Amino acid sequence: MQLEALVRAAVAEALAAGGKPVPAEVPVERTTRPEHGDLATRVAFLLARELGAPPATIAAELAARLAAHPSFLKVQPANGFVNFTLHPTTVHAVLRQILASGERYGRGEEGEGRTVQVEFVSSNPTGPLTIGHLRQAALGDVVAELYAQLGWRAVREYYLNDEGRQMDLLAQSLWARYRQALGDDQPIPEGGYQGAYLAEIGAELARTWGDAHPRWDEAARAAFRSEAVGRMMAMIHEDLDAIGVRFDVWTKEGDLHRRGLVQETLAQLVRRGAVYEKDGALWLASTRHGLDRDPVLLRSDGTPTYTLVDIAYHLDKARRGFDLVINVQGADHVDEQRQVLLALKLLGLPDGFVRYCLHQFVTLKGEEGIQRMSTRAGRFLRLKDLVADVGRDVARYFMVMRKPGSHLVFDYALARDTSLENPVYYVQYGYTRIASLFREAERAGERPPDLRTVDLSPLTDDRELALIRELDRFPDVVMVAAHEFAPHLLCEYLEGLSGLLHPYYAHVRILGQGPATSARLALLGGIQLVLGRGLGILGVSAPEAM
RNA sequence: GCGCCCGUAGCUCAGGGGACAGAGCGUUGGCCUCCGGAGCCAAAGGCCGCAGGUUCAAAUCCUGCCGGGCGUACCA
């Protein structure tokens, strides 16, 4: 990050000095091949048309002007690019600055104390959380943390849909299980919940309640509904604890109704002429604004739909003073998202207030091939059980190591059985190895008292300079990962950094090398700092020993 | 049918206008007197789904096909 800025400034200055136009954004990128130097600019391509000269000529002139710049060892034109090889002291300065920043390294200021609300999981309390929810839990948690790194105050919120028909279905399913346990062969209702977890609870209720609810009546409905929701919430909390996700706020759908927000939202939409009546129901006129269908807001029986409540909930988010709202949702919600965004726009909320982090579903690759999860059908892998098997670190890491928009196949056997080849351990081992080495240095009396003041000039090996250049990218990776809801970029970065560290370690002796030892320990200290920071953001542990 | 997302190495996936397309796993072959071998080194493996187009430059942007996922409810 720092290095790009340095090159960008040098190029801009050279262009200006040569009487050339300076683009608003001078493009600077890392090279992929060593023969192209460390960084490169393709600015000559941008200027070619305007200057009426071939890129190669412009690049050559620019390179000549920058040849004597003290930050660079070499500045060479090639195919219209200008390639920069950094002077080692330029690179050393980066490491020195990283060590001075310490745990602050990679943090940003853009949030300026503003508040972002991240809503995720928000699973209906109809069963325990599954591997399907895990992706969302891990994603939301990490996105919130990424924003916190950028100086935002992040609020993690769970929206609890504890009202409506699904809850009744759940209650009735539980009641059926309860009856079954008493020898009364009641069927699970049409579209009800088949999972064994309800059978267990049903059997327990049969023991404690006896034959108190022989019929599915109002009393049974109330009793079983309240019991079911309580039990489901307890399971959900257990699952969230297992992966280490903690919510700051739980919002219940019932509260939105009680506060009159739903009616008020509808009234506002009506007042703005966004609603029409048909077949006894109230509809949002979405097709008028380019969407493919109009959703019902208020059913003909007078009850509000999920969509209306969702709109009301978001209006409430705006009132609660959040500066930005991020909703993490599955791909099955795209249509709903458009409806909500449209409604909010019609209600006068600013564009960009709500952003969606949309993710594709997880499929589980196990002994029986690839299977879709279904809570309703009782076919799922419970989160808590998964974590017990593969560990929290692997569970979390596997869920964020892929781009959210891509489908993710979770190879259960691989996560569990071949864990030694796991990218999670590869990254963690980098951290651990350095920790171990520092212990060894301590014993040998070779550990410098303060890494920040060590003379770095012995760091001349290509691998050492490449490692420092890689460390320089960290703040940018954090920023892009946050803005694009792309934690996988951080995983990739950490794996890449580890992929430089391990070979380096294998080939370069650290201890017993005189002044080089101190310099190399300073380098490793910087690497360990970044690995630890990165793992921390992902919610994955950075062990001192494995 | 229509809308959105995705087709990249055997598998799982990065890269989303720039210089010869990357990683992990798997496969094949090497490296343990040496700071933790949970490691390292090397090899094989690709018309980047197909066909057009835009551009000095396309895996990347546009169009059309083909294949997969999701949605298209007075479900949530």
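The values are calculated or read from the model by the stated rules, or taken from the named source; none is laboratory data. Here the structure is a predicted model, which is why all the values come from computation and not from measurement. Note that we place each Cβ from the backbone using ideal geometry, even for glycine, and neighbour counts take in every protein chain shown. The protein model used for the area step is the full one, side chains on, heavy atoms only, and it has no ligands, DNA or RNA in it. Shrake-Rupley method; radii C 1.70, N 1.55, O 1.52, S 1.80 Å.
Taking the 1.4 Å solvent-accessible surface of region A:165-243 as the whole, the part contributed by carbon and sulfur is 49%. A DSSP coil position with no more than 15 other Cβ atoms inside 10 Å describes the following chymotrypsin sites (Phe, Trp or Tyr not before Pro) in region A:308-371: A:361. For the pair residue A:103 and residue A:337, label points projected 7 Å from Cα toward Cβ lie 3.5 nm apart. One chain, two ends: residue A:463 and residue A:508. Fully extended at 0.36 nm per residue, the span grows by 15.3 nm beyond their Cα-Cα distance. Sorted largest first, the principal axis extents computed over the alpha-carbon atoms of region A:2-86 equal 31, 22, 22 Å.
Dimensions of region A:422-538 along the principal axes, based on C-alpha atoms and rounded to the nearest Å, stand at 45, 27, 24, largest first. Please state the shape class of region A:165-243: rounded when a/c is under 1.5, otherwise prolate if a/b exceeds b/c and oblate if not, all from the C-alpha gyration tensor. Taking the square roots of the gyration eigenvalues as a ≥ b ≥ c, region A:165-243 is prolate.
Note on chain A: percent of Cα-Cα distances in each 10 Å bin, starting at 0 and stopping at the bin with the largest distance, equals 3, 15, 20, 21, 18, 12, 7, 3, 1, 0. Across the options A:507, A:111, A:266, the greatest Cα extent toward the positive end of the charge dipole of chain A (unit charges at beta carbon of Lys, Arg, Asp, Glu) belongs to A:111. Positive end of the dipole of chain A (Cβ unit charges, origin at the Cα centre): among A:400, A:537, A:16, the Cα lying farthest that way belongs to A:16. Applying a DSSP loop filter and a limit of 12 other Cβ atoms within 10 Å to the GluC sites (Glu not before Pro) in region A:1-92 leaves A:25. Relative to one another, the C-alpha centroids of region A:383-441 and region A:174-250 are positioned 34 Å apart. Our helix-only sum for chain A, with -39,500 (n - 2.57) per DSSP H run of n ≥ 4 divided by its residues, gives a mean residue ellipticity at 222 nm of -17000 deg cm²/dmol.
Each part reduced to its alpha carbon centroid, region A:1-60 and region A:94-133 end up 34 Å apart. Each residue, residue A:35 and residue A:442, gets one label point 7 Å from its Cα in the Cβ direction; the gap between the two is 4.7 nm. Given R₀ = 51 Å, what would the calculated FRET efficiency be for residue A:267 paired with residue A:211, taking r from the Cβ atoms and rounding to 0.05? For R0 = 51 Å, the calculated efficiency reads 0.60. Check the straight Cα-Cα distances from residue A:74 and name the lysines below 28 Å, setting aside those fewer than 8 residues away within the same chain. Leaving aside lysines fewer than 8 places away in the same chain, those within reach of residue A:74 are A:20. According to the calculation over all Cα-Cα pairs in region A:268-355, the P(r) per 5 Å bin from zero is 3, 14, 25, 26, 19, 10, 3, 0 %. Look at where the Cα atoms of region A:519-540 and of region A:321-356 average out, and the two centres are 37 Å apart. Among the trypsin sites (Lys or Arg not before Pro) in region A:220-285, those located in a DSSP loop and surrounded by at most 12 other Cβ atoms within 10 Å of their own Cβ are A:246, A:259, A:272. Extension gain for residue A:79 to residue A:246 (0.36 nm times residue separation, less C-alpha to C-alpha distance): 54.9 nm.
Using the Cβ-Cβ distance between residue A:544 and residue A:345 with R0 set to 51 Å, the FRET efficiency works out to roughly 0.50. Heavy-atom accessible surface of chain A, averaged per residue, reaches 44 Å², computed with a 1.4 Å probe. If R0 is 41 Å, the Cβ-Cβ spacing of residue A:255 and residue A:190 corresponds to a FRET efficiency of close to 0.85. 3J(HN,Hα) along region A:242-250: 4, 9, x, 9, 10, 9, 8, 9, 10 Hz, from the Karplus curve 6.51 cos²θ - 1.76 cosθ + 1.60 with θ = phi - 60°, whole Hz, x for Gly and Pro. For chain A, the longest principal axis of the C-alpha atoms and the axis of helix A:462-483 are separated by about 30°. Which of rounded, prolate, oblate describes region A:32-172, given a ≥ b ≥ c as roots of the alpha-carbon gyration tensor eigenvalues and a/c under 1.5 marking rounded, otherwise prolate only if a/b is larger than b/c? Note, shape of region A:32-172 comes out prolate. For region A:55-116, the spread of Cα positions along the three principal axes, ordered from largest to smallest, is 49, 29, 16 Å. Straight-line cross-link reach from residue A:278 at under 20 Å between alpha-carbon atoms covers these aspartates and glutamates, not counting any fewer than eight positions away in the same chain: A:292, A:294, A:301.
In summary, the lysines within cross-link reach of residue A:384, defined as a Cα separation below 20 angstrom excluding same-chain residues under 8 places away, comprise A:365. Picking from A:46, A:297, A:189, whose Cα lies most toward the positive end of the charge dipole for chain A (charges on Cβ: Lys, Arg +1; Asp, Glu -1)? So the residue furthest toward the plus end is A:46.
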